[in-house]
Ligand SMILES: Cc1cc2nc3c(=O)[nH]c(=O)nc-3n(C[C@H](O)[C@H](O)[C@H](O)COP(=O)(O)O)c2cc1C
């Protein structure tokens, strides 16, 4: 269908949601701004033996949050000012909310906290000496309305992309501290909502609800994760404080399909995922010497591309390599599920590589199946001469793909003016066989891929931009996909960004002074 999903016609600025959730009446813990003290270089994130393992304490939890979900800069233009964060978000609307669940530690009494990114602090929702030791739980939720205000029905998918980006952002920040994180894939959404207090309707009253998404175990030393069976009875009887703020006083639209999809894709408790093995040579070292904290906060979505700069072939292959789901490499070490997403690429400007359509297969077991899915007589499935042998990367068709890429990405120039762009093709039906709850995880996997692309592009001296707006049927036609069991879920572009010199950049937390 060559049309956009239903959404508001034009933006109703009067009902623009508050970008920051707050819990009035909750206890407050201020966090220091200490990320600049972290000496880890970006290249060390993939060489954990070189990263000093930081102790689990109030200050380092602060660094974890500052470098994953904290504000990275403010932008200002004429009378407007808006915050950017370490995690990207469609439309910069930031539907993802973050919670920390911890046991007693110095400066941080045990309990459940909401992370307040505006001024980098924690709001104590529940005070309780919880049996959480050797690590902390980090939970994520989505406020659908933040995205629906602008994007209507597309909001649910964008919230899921953003969750994936946020998950990977936490993974990178944890790796910079020498910590490990694990997605607790067996928890159900009901258990997450209970522990985080998202089901306390009395605390939300008229405020927009939060949908539970996921929970992570973050630990410096591999301590076993805290479990919901031990936590739920305690938080249920504990005292909670704080009332959620109303983000929009008079919403003009409602998109009932969002709540329907959310309900249909809720996850029950499931058995833990088996360990996944990846059989690839170690990821080649990244030459980037920049501090991880600097690079993470410098990450930006380019809004325009120079239409000129080529990416070196070597850097391109390294970037593709970082997208392989090695179970021991950040951020894939957080991801317990098998790879379900492969990349369909539009190569525009890679030195030594003919422009054209290409495919990167992220799971060798999928190669034969994909050969039967990407069906056009002209496709030659040729591996480029210099391509590392372990990368299942094939040229399908040589030719100028800029026009096709631009049109398919809702006519956005950035999809044509960079070094390459891509669409993420999901093995959709196979994934959903696990349960409708897997639907969200497909978008999370896409978001993780997006976050790797953002940071790796930045490390290579160029930039990326997530592209949530694309015409999937046109994409499927171009790549000869007639099998509806495969679906494109996200697009992305990488190239040399052209900064918008009209915008003034301000420091992230200057307003705290
Ligand atoms: C899921 C997703 C979809 C996006 N889609 C688009 C898009 O279609 N076009 C675009 O120019 N930017 C897109 N972006 C980039 C956002 O606009 C950008 O992340 C946001 O403005 C915040 O800026 P920052 O990434 O520089 O922090 C997307 C980002 C995400 C995470």
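A Cβ distance below 7 Å, combined with a sequence gap of six or more or placement on separate chains, defines the contacts here; from the stretch 207-236, residues that are on the phi > 0 side of the Ramachandran plot and in the same structural domain as residue 160 (by TED's automatic domain parsing) reach residues that are surrounded by 17 or more Cβ atoms within 10 Å (Cβ to Cβ) and not in a loop (DSSP other than H, G, I, E, B) in the pairs 222/180. Quick check: anything in the stretch 425-438 within 16 Å of the ligand (Cβ to nearest atom), buried (at least 22 other Cβ atoms within 10 Å of the Cβ), within 17 Å of residue 360 (Cα to Cα) and not assigned by TED's automatic domain parsing to the domain that holds residue 91? Looking through the stretch 425-438, at least one residue is within 16 Å of the ligand (Cβ to nearest atom), buried (at least 22 other Cβ atoms within 10 Å of the Cβ), within 17 Å of residue 360 (Cα to Cα) and not assigned by TED's automatic domain parsing to the domain that holds residue 91. The condition of being assigned to a loop (DSSP other than H, G, I, E, B) and closer than 30 Å to residue 190 by Cβ holds for only one of 216, 231, 247, that being 247.
Taken over the stretch 166-178, the residue count meeting the criterion of being surrounded by fewer than 24 Cβ atoms within 10 Å (Cβ to Cβ) and either within 21 Å of residue 144 (Cα to Cα) or in contact with a strand residue (DSSP E or B) (Cβ under 7 Å, 6 or more places away or on another chain) (or both) is 0. Within this structure, residue 126 fails the test of being within 10 Å of the ligand (Cβ to nearest atom) and under 22 Å from residue 210 (Cβ atoms). Only one of the listed residues (283, 344, 246) is crowded, with 18+ Cβ neighbours inside 10 Å and more than 16 Å from the ligand (Cβ to nearest atom). That residue is 344. Filtering the stretch 254-293 to residues that are in the same structural domain as residue 148 (by TED's automatic domain parsing) and over 26 Å from residue 184 (Cα atoms) leaves 254, 255, 256, 257. Just to be sure I understand, how many residues within the stretch 79-91 are in contact (Cβ under 8 Å) with a residue 40 or more places away in the chain and within 23 Å of residue 215 (Cα to Cα)? Of the residues in that region, 5 qualify.
Suppose the filter is within 16 Å of the ligand (Cβ to nearest atom), outside the structural domain of residue 422 (by TED's automatic domain parsing), surrounded by 14 or more Cβ atoms within 10 Å (Cβ to Cβ) and at pLDDT 95 or above; does residue 296 pass it? For residue 296, the condition - within 16 Å of the ligand (Cβ to nearest atom), outside the structural domain of residue 422 (by TED's automatic domain parsing), surrounded by 14 or more Cβ atoms within 10 Å (Cβ to Cβ) and at pLDDT 95 or above - is met.
Rundown of residues vs (1) more than 11 Å from the ligand (Cβ to nearest atom); (2) closer than 25 Å to residue 314 by Cα; (3) touching a strand residue (DSSP E or B) at 6+ places or on another chain (Cβ under 7 Å), yes/no style:
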position: 454; (1), (2), (3): no, yes, yes
position: 467; (1), (2), (3): no, yes, yes
position: 471; (1), (2), (3): yes, no, no
position: 501; (1), (2), (3): yes, no, no
position: 504; (1), (2), (3): yes, no, yes
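Filtered by the rule that a residue be part of a strand (DSSP E or B) and more than 19 Å from residue 242 (Cβ to Cβ), the stretch 114-138 gives a lone residue, 136. Condition check: away from the ligand (no atom under 11 Å from the Cβ) and farther than 23 Å from residue 378 by Cβ. Does residue 509 satisfy that? So residue 509 fits the description; yes.
Among the listed residues 325, 336, identify the single one that is in a loop (DSSP other than H, G, I, E, B), in contact with a helix residue (DSSP H, G or I) (Cβ under 7 Å, 6 or more places away or on another chain) and modelled with pLDDT of 95 or more.
Working: 336 fails: in contact with a helix residue (DSSP H, G or I) (Cβ under 7 Å, 6 or more places away or on another chain).
325 is the lone residue from the list that is in a loop (DSSP other than H, G, I, E, B), in contact with a helix residue (DSSP H, G or I) (Cβ under 7 Å, 6 or more places away or on another chain) and modelled with pLDDT of 95 or more.
The values are calculated or read from the model by the stated rules, or taken from the named source; none is laboratory data. Please read all numbers here as calculations on a predicted model, not as lab measurements. FYI the Cβ positions are ideal-geometry reconstructions off the backbone, even for glycines, and counts take in every protein chain you see.
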